[in-house]
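Remarks on the structure that follows.
Read the figures in this text as sums done on the coordinates, not as results from a lab. Keep in mind the model is a prediction, meaning the values are calculated, not measured. All Cβ positions, even for glycine, are placed from backbone atoms using ideal geometry, and neighbour counts span all protein chains on display.
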Amino acid sequence: TYHGWLDYGRGNLAQARDQLERSLSMMLPFDAELRGLTLNFHAKTCLSLGDVKAARASMSEIRAMSRSLSAPPWWPSMLAGLEGLALVAEGKTREALALASSTPTEPEYRLASAHRARVLLRGGEAAAALTELDQGRISSTFVHVTCLSRCIEAEALAALGRNDAHA
């Protein structure tokens, strides 16, 4: 699983998918939290590769697990982030923007705010993406969350005409 996450972070998407699928096939049945996180990264990897059907299958398994197990309280926000990214990939921008603009009601997955900002940016709402990132919900405890948020911020600033945004 960790090799898959590392490959995903490095942009080695085909390798990430292979690693994550191998991990899922060998995972112990009682490790639901790790399986949910692995399915989450598998869905994001599949979306990045353009395979919405495989991403939706992973999302469906997370949803089923959350109904039958005592899932972490942040799984609904994790699924909402994945749903927004899947809707954008399917060209359903209006639905994705509505989902990303809704106010969270439960404890949040640490990447949820970054996912909402990414959906808003992809939907042409760069200023709203910046507002989402400025809400203070992004944890600086995890370097990957900070890095992703800063990259989205740079993309949003560039979309708003800031020539120095990526610096």
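Annotations
- Equivalent ellipsoid semi-axes - Cα gyration tensor, the range 49-123, angstrom: 20, 16, 9
- The mean sequence separation of alpha-carbon pairs under 8 Å and at least six residues apart, normalised by the residue count of the chain, gives a relative contact order of 13 percent.
- Cα-based convex hull, the chain, per residue volume (Å³, whole number): 117 Å³
- Highest mean packing first, where packing is the average number of other Cβ atoms within 10 Å per residue, the peptides 49-56, 96-103 line up as 96-103, 49-56.
- In the calculated pair-distance distribution of the range 1-83, the portion above 16 angstrom amounts to 46 percent of the Cα-Cα pairs.
- Crossing angle, helix 32-49 versus the chain [Cα axis fit, 0-90 degrees, rounded to tens]: 50 degrees
- Straightening the chain between ALA57 and THR103 buys 14.0 nm, computed as 0.36 nm per residue apart minus the Cα-Cα spacing.
- Close amide H pairs (under 5 Å, H built 1.01 Å from N) link TYR109 with SER77, MET78, residues at least 5 positions away or on another chain.
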